[in-house]
Amino acid sequence: MNSPAAQAADEAVAARQRALAELRALGYAQVPKATPVLRGRAMSVTQAALGSGVLGPLVRQAQSAQACLAELRSVLPASLLGQVQSGPIQEGVWTLLVGHSAAAAKIRQWVPALQAHVRTRGWPVQRIEVKVQKP
């Protein structure tokens, strides 16, 4: 009687032979090369997304908007800054997302000062829109 390890090895060999037979039936003379597995090269989700053709521009846009929001720390009071999240900067329009309407009304009063501040810092923002973020 074979041991369980020997049975598992025999099953693996049989599965490989079946797979090779199926590949030959599809017209392959040899097994197609697999893509290499990268071991020991861990990367963050952000790094992986930046390397992606589809997600890369979105990640760059989000990072740019977050950096622009960081510029507001010296202008907005801390109590209001905690209520603000950065939306996208698209075609010169930057959207700020706010948790509730009272904070949005107060931040709208600050919009002229915020626009002037981000322009002097070199950001391509022509207009700032404040929107209440729905829960």
### Task
Sum -39500 (n - 2.57) across every DSSP H segment of at least 4 residues in the chain, then divide by the residue count to get the 222 nm mean residue ellipticity, nearest 500.
-16500 deg cm²/dmol
### Summary
Dividing the mean separation of Cα pairs under 8 Å (6+ apart) by the residue count of the chain yields a relative contact order in percent of 17 percent
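Relative to the compact globular guide of 2.2 N^0.38 Å, what is the alpha carbon radius of gyration of the range 1-131, as a ratio?
Here the answer is 1.98, to two decimals.
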### Query
What share of the DSSP beta bridges in the chain is antiparallel, in percent to the nearest 5?
45 percent
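Rule-based calculations on the coordinates, nothing more; no lab input. If you're wondering where the values come from, they're calculated on a predicted model, not measured in any experiment.
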